[in-house]
Amino acid sequence: MVAQPGVAVAAGPVVRPCPGRIRHFKI
Amino acid sequence: APHGPGLGYRELNCDDPETEQAALAAVDYLNSNLLQGYKHTLNQIDKVKVWPRRPTGEVFEMEIDTLETTCYALDPTPAANCSVRKLEQHAVEGDCDFHVLKQDGQFSVLSAKCDSSPDSAEDVRKVCPDCPLLAPLNDTRVVHAVEAALAAFNNRNNGSYYQLVEVSRAQLVPLPVSTYVEFAVAATDCVAKEVIDPANCNLLAEKQYGFCKSTLTQKVGGEDVAVTCTVFPTQPVLPDGTNGPSPMVASAAPASPPAAAVMVGPLVV
């Protein structure tokens, strides 16, 4: 295993706090 | 005043339970203060910022999308039990800005501003090419359909004469050629069977509203009118100076389940 110091590792999908979920449908 | 440390807003997820609580309180407030049209239901929370409030509490500054339901504004049915208007029926959305105060765990609305707009004709056509679109409420065919429906309802009604409050929705149906309308009515001090000049009739002090759905179908040599009206329980007399339909404020009009609504009809003429 070779680690490259200083390279950021992605922590998974970016969470978008807003807008929230659509409860019915979008028009 | 200049912003100092600690005076910034708090970011909250739009689907956070606390945000949802504030949004539901806002939509409840909206539905409790409607004077016309239909109740709305929460569809999406677009933005939220939570500001500290002095001396205590927090203010939720929110943008919310709502959708029209099929329940008329003065219908005592809780909005949670109302169906959302389908895309095929030409849905209507609401765009709202709210300021909601949270204090001692309780939410109360400080300000509300909502605009509603129907779905585009293009979008309705995408999901249903043959569905009728919403028609202008002052269209002569709409006005005629409402007048004919109200006359038919009053002709079959043994009680009070009902007068028109508002036309809330209308659609021109191509086949069979017909006009579908929804409108609100209110009981007057005249007896339906004895009315000579409806202009002389006055709304009852204890308001009794109703909501009607009607289809006027064109036929060779005439037209057919089918109308169904639901009359809601009476509303208590309001203080002087209050005109028009009153908001269904919880303290003024206890919410009754639909089964408790006084049904007149359905009258199909």
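Each reported figure results from applying straightforward, stated rules to the coordinates on display, with no laboratory input. The structure presented is a predicted model; accordingly, all values stated were derived computationally and were not measured. So basically every Cβ, Gly included, is an ideal-geometry build from the backbone, and we count neighbours across all protein chains shown.
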Problem - Label-point separation in nm, B:K126 to B:R10, each point 7 Å along Cα→Cβ - result: 3.8
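What percent do you get for the relative contact order of chain B when only Cα pairs under 8 Å and 6+ apart count? Can you show the working numbers first?
Working: 577 pairs, mean separation 40.1, N = 269.
Relative CO of chain B lands at 15 percent.
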Problem - Gap separating the Cα centres of the stretch B:150-211 and the stretch B:1-80, nearest whole Å - result: 35
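Is the shape of the stretch B:85-177 best called rounded, prolate or oblate, per the rule: a/c under 1.5 gives rounded, else a/b larger than b/c gives prolate, else oblate, with a ≥ b ≥ c the square roots of the Cα gyration tensor eigenvalues? The partial results should precede the final answer.
Numbers: a/c = 3.15, a/b = 1.39, b/c = 2.27.
The shape class here is oblate.
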Completion exercise
The FRET efficiency for B:L133 and B:V220, from their Cβ-Cβ distance with R0 = 30 Å and rounded to 0.05, is 0.70
Practice task
Mind telling me which of B:V50, B:V227, B:V146 comes out most flexible in a GNM of chain B, alpha-carbon contacts under 10 Å?
Solution key: B:V50
Practice task
Using the structure shown, select from A:K26/B:K86; A:K26/B:K126; A:K26/B:K102; B:K39/B:K102; B:K39/B:K86; B:K47/B:K86 the pairs with a Cα to Cα distance greater than 18 angstrom.
Solution key: A:K26/B:K102; B:K39/B:K102; B:K47/B:K86
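Compute the signed sum of charges (Lys and Arg +1, Asp and Glu -1) over the other residues within less than 10 Å, Cβ to Cβ, of B:D97. Could you put the intermediate results ahead of the total?
Details: positive: B:K47, B:K113; negative: B:D46, B:E61, B:E63, B:D95, B:D115.
So the surrounding residues net to -3.
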Practice task
Jot down the per residue volume, in cubic angstrom and as a whole number, of the convex hull over the alpha-carbon atoms of the stretch B:24-92.
Solution key: 94
Completion exercise
Candidates B:A184, B:A26, B:A112; GNM for chain B (alpha-carbon contacts under 10 Å) flags as most fluctuating B:A112
Problem - Modelled FRET efficiency - R0 25 Å, B:K86 with B:L204, Cβ distances, 0.05 increments - result: 0.10
Fill in the blank from the handout: Of the candidates B:L87, B:A22, B:A145, the farthest towards the positive dipole end of chain B (Lys/Arg Cβ +1, Asp/Glu Cβ -1, centred on the Cα centre) is B:A145
Practice task
Mind checking B:13-26 for the average number of partner chain beta-carbons within 10 Å of each residue's beta-carbon?
Solution key: 2
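Net charge around B:K126, counting only other residues with Cβ within less than 14 Å of its Cβ (Lys, Arg = +1; Asp, Glu = -1)?
On the way: positive: A:K26, B:K86, B:R125; negative: B:E88, B:D119, B:E122, B:D123, B:D130.
So the environment of B:K126 carries a net charge of -2.
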Practice task
Arrange B:T69, B:T56 by Cβ neighbour counts within 10 Å, fewest through most, would you?
Solution key: B:T56, B:T69
Handout entry: Residue among B:I45, B:I196, B:I64 with the largest mean-square fluctuation in a Gaussian network model of chain B, springs linking Cα atoms under 10 Å
Key = B:I196
Problem - Per-q log10 I(q)/I(0), the stretch B:142-191, q = 0.13, 0.16, 0.21, 0.22 Å⁻¹ (Debye; single scatterer per alpha-carbon; no solvent) - result: -0.33, -0.48, -0.73, -0.78
Handout entry: For B:42-49, mean number of other protein chain Cβ atoms within 10 Å
Key = 5
Problem - Residue-averaged 222 nm ellipticity for chain B, from DSSP H runs of 4+ at -39500 (n - 2.57), nearest 500 - result: -4500 deg cm²/dmol
Problem - Angle between chain B longest axis and helix B:17-32 axis [Cα atoms, degrees, rounded to 10] - result: 30
